[in-house]
Amino acid sequence: MNQGNVLDKLQIKKEKILQQIGELGDFRQGSLSPRYRKCGKSYCHCAKEGSKGHGPLWMTTRSVKGKTISKAIPIEEVDTTFKQIDTFHQFQNLVREYIETNIKICDARLEKGKAAFMEAKKKG
């Protein structure tokens, strides 16, 4: 397959990836997990041995510049938040694919330039 054909196919792939990224919708980075707490009252059910405590309180966590950022998520938004986190993982995968496609484009252009140089060298 000639280099022009390869470049055309890679450019089309690059455009498709960008289109997919644009169609993703809302996403959020991080993880979502339930948290339980004990209130400290000796007569409360949470004070009994083996009790998880009060909850769950759903929290997202993510790291920003080395610091953990947490946010409480209302129970009615837990499913939506899981979907947003899943969409973020799709975003990450598309970005990786976009980067690899760009590298392949750069490599194909190098090869095309090398082939053109060799052709010109043959002609003198």
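Per residue, how much accessible surface does the chain expose to a 1.4 Å probe? Answer in Å², no decimals.
Ligands and nucleic acids excluded, the result is 76 Å² per residue.
Taking the Cα centre of the chain as the origin, how large is its charge dipole in debye, to the nearest 20, when only Lys and Arg (+1) and Asp and Glu (-1) carry charge on their Cβ atoms? Can you show the working numbers first?
Working: 24 positive and 14 negative charges, 117 e Å.
In total the dipole reaches around 560 debye.
Along the positive direction of the dipole of segment 1-92 (beta-carbon charges: Lys, Arg +1; Asp, Glu -1; about the Cα centre), which of 78, 51, 32 reaches farthest?
51
Assuming 0.36 nm per residue, please report the length gained on full extension of the stretch residue 41 to residue 24 beyond their Cα-Cα distance.
Values: separation 17, 0.36 × 17 = 6.12 nm, distance 4.61 nm.
Going from the current span to full extension adds 1.5 nm.
Treating the angle as unsigned and between 0 and 90°, give the value, to the nearest 10°, between the Cα long axis of helix 3-22 and the longest Cα principal axis of the chain.
20
If you roll a 1.4 Å probe over the chain with all protein chains in place, what percent of the accessible area is carbon or sulfur?
54
Could you put 36, 43 in order of accessible surface area, largest first, with the 1.4 Å probe and the full protein assembly present? Could the numbers behind the result be given before it?
Numbers: 36 95, 43 180 Å².
Result, largest first: 43, 36.
The values are calculated or read from the model by the stated rules, or taken from the named source; none is laboratory data. None of these values were measured; they are calculated from a predicted model. Neighbour counts run over all protein chains shown; Cβ positions are idealised from the backbone, glycine included. Heavy atoms of the whole protein, side chains included, go into the accessibility calculation; ligands, DNA and RNA do not. Shrake-Rupley method; radii C 1.70, N 1.55, O 1.52, S 1.80 Å.
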